[in-house]
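Below is one structure, written out as C-alpha cells; the observations come after it.
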Amino acid sequence: MEKSKIKKIFKSESISLSRFMHKCLYDKDLGFYQNNRIGSHFTTSPEISQTFGECIAIFLFRVSHDFGVSKFLELGPGNGTLMADIIRTISKISKKKFLFYLYEKSNFLKKIQSETLAKYNSKKTKILSIQNLRLKKKPYLFFCNEFFDALPLNQIEKKNDLLFEKRIKYTDGKFKWKEYLIENKNLNFLSNGDIWEYSPLTNLYIKKILNHIKKFGGGFLVIDYGPYVKKKISTIQAIYKSKKCDILDYPFFSDMTYHFDFSNLKKFSEDFNLQFHGPINQRKFLYFNGINERINILINQTQDNDVKKKLSMQFHRLTDPLGMGELFKFVFISKNDLNFPYFKKS
Ligand SMILES: C[S@@+](CC[C@H](N)C(=O)[O-])C[C@H]1O[C@@H](n2cnc3c(N)ncnc32)[C@H](O)[C@@H]1O
C-alpha cells in the first residue's frame, strides 16, 4: 500500500466514518471493490448456489405478471451472478420481452458483470447498465442482495447525556478511532450507552426508489443482513480473507459491512404510503419459492455423488436456521396488493 496515497486521502484532521468507508471500499484506485471479485474474501448467497437466483426469479416473474411490469433493476450486482440466474430462469418460463438494468458503482465489477452476462444479451432480454440511477417514468421491479450493508455509514454514541461522533484519524502510519463532541444535535431517542448507526446514502437511495414506486408502481425486493429489530450498538465489521476483523485492521483490503435497519426501511415505506411485506427470513422465502424442488431436480440430474453432496451442502448453507437461512431477511415494498400468503403486510 502506498503510504503517500493514503496520506493524500486522509490529509484532514479526521474524517467521518462514512467517508472512511467510502474511500476504503470505493476509491478509484485503492478501493476494495475496485480490486476484488465477490467471493474472494467473503461469499454471498448468489455465489453459493444458482438456486438462490432461480427462486428470486420465480418470485419476480410472478410479481411482474401480476403488476404488469417488464423492467427489472438490480442495485449492486457484484459479479452479475444473481442477474444471470434470474435472466436464465425467466427466459425459460416466458417468451415475453424484458429489460434488465444494472446499477453498479465499481468499474472493476462492471467489467466482470458484462463478462458474466454477455451470453444473455439478446433481442428478447436486453441488459443495460445505468448511471446515477437515472430512471424512466415507467414501473420497475427493483431488487438487491447485500447492497445496503455495503454503503457508507456513520455512528453517534451517547455517553453521560452527551453525543459523540465516531471519526477516523490517520497518524504515524496508523488508523485510529477518534470521538468528537456534537453540540447542536438532540437525539432524544438515544439512551446513555447507545450507538446510533445511520447511512445518509442508504436513505437517499431508499427515498428515490420509493418515490418512483409511489408515482409509477412496480416494487422493491430488499434482501439484507440483520435482525428484525436493529439494536443500538455498533454492528460494523470487516471481513478479511473470510475472517471477521476490525474495520481498522486491513483498510482497503477487507470488505466492510453492518446490520441493515429494516425498521428504518419500514418507516420510509409508511412515509410514502406504500405496502411493506415482511421481513421474512431467507429460509422461508426460498422454501416458498421452490428451493426444495429445484435442488432435488439438480440432485437427480447427476450420477456423481460428489456433485450430489455439494448441491446438498449449498442448499443447507442457504437455508440453515442457525446461519444464512435466518440471518438474511427479505422485504417487498409495493403500491399494489401482493397476493402471496407467506409474505404478509406488516
Ligand atoms: C456486498 S456486494 C453484493 C454483491 C451482490 N449483490 C451479491 O449478492 O453477490 C455490494 C455491491 O454493491 C455495489 N455498490 C456499492 N455501493 C454502490 C453504489 N453507491 N452504487 C452502486 N453500486 C454500489 C458494490 O460495488 C457491489 O457490487
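Taking the square roots of 5 times each eigenvalue of the Cα gyration tensor of segment 207-276, largest first, gives ellipsoid semi-axes of 31, 14, 9 Å. Take the Kirkwood radius over Cα pairs of segment 130-288, plug it into Stokes-Einstein at 37 °C and 0.692 mPa s, and you get 183 µm²/s for translational diffusion. All Cα-Cα distances of segment 119-215, cut into 10 Å bins from zero to the largest, leave 11, 28, 26, 20, 11, 4, 0 percent in each bin in turn. For segment 239-284, the Cα gyration tensor yields ellipsoid semi-axes of 33, 14, 7 Å (square root of five times each eigenvalue, largest first, whole Å). Considering only alpha-carbon pairs that sit under 8 angstrom and 6 or more positions apart, the relative contact order computed for segment 152-265 is 22 percent.
Legend: P(r) of segment 1-116 from all alpha carbon pair distances, 10 Å bins from 0, whole percents, reading 12, 35, 26, 17, 8, 2. With viscosity 1.567 mPa s and temperature 4 °C, the Kirkwood radius over alpha carbon pairs of segment 236-342 converts through Stokes-Einstein to a diffusion coefficient of 77 µm²/s. Descending by average beta-carbon neighbour count within 10 Å, the peptides 143-149, 323-329 line up as 143-149, 323-329, the highest first.
DSSP bridge analysis restricted to the chain gives an antiparallel fraction near 65%, rounded to the nearest 5. Taking the average, over residues, of other Cβ atoms within 10 Å as the packing measure, peptides 180-190, 28-38, 272-282 rank 272-282, 28-38, 180-190 from highest down.
If you look at the Cα atoms of segment 42-171, you get an Rg and a Dmax of 18.3, 63 Å. Taking Cα centre as origin and charging only the Cβ of basic (Lys, Arg, +1) and acidic (Asp, Glu, -1) residues, the dipole magnitude of the chain rounds to 1180 debye.
Computed from Cα atoms, the angle from the helix 107-117 axis to the main principal axis of the chain rounds to 10 degrees. If you take all other residues with their beta carbon under 12 Å from the beta carbon of residue 55, and give Lys and Arg +1 and Asp and Glu -1, the sum is +1.
Using the average count of surrounding beta-carbon atoms within 10 Å as a protection proxy, the listed peptides 77-83, 165-171 rank, highest first, as 77-83, 165-171.
Put simply, the Cα atoms of segment 198-245 extend 43, 25, 20 Å along their principal axes, the longest span coming first.
Looking at the chain, the pairs of alpha carbons with a distance over 27 Å make up 49% of the total. Relative to the current alpha-carbon distance between residue 302 and residue 234, full extension at 0.36 nm per residue lengthens the span by 19.9 nm.
Here the label points at residue 187 and residue 271, each 7 Å from Cα along the C-beta direction, are separated by 1.6 nm in the simple model. Label-to-label distance, residue 91 versus residue 180, with points set 7 angstrom from Cα along the beta-carbon direction: 5.1 nm.
Once the Cα-Cα distance is subtracted from the 0.36 nm per residue extended length, the residue 66 to residue 128 segment shows a gain of 19.9 nm. Label sites at residue 309 and residue 161, each approximated as a point 7 angstrom past Cα along Cα to Cβ, lie 6.4 nm apart.
Taken along its three principal axes, the alpha carbon spread of segment 83-154 comes to 46, 29, 19 Å, from the longest extent down to the shortest. Between the Cα long axis of helix 17-26 and the first principal axis of the chain there is an angle of about 50°, rounded to the nearest 10. For the chain, the longest principal axis of the Cα atoms and the long axis of helix 50-67 meet at an angle of about 80 degrees.
The numbers here are math on the coordinates, done by the rules we state, and not lab data. Quick caveat: nothing in here was measured; it's all calculated off a predicted structure. All Cβ positions, even for glycine, are placed from backbone atoms using ideal geometry, and neighbour counts span all protein chains on display.
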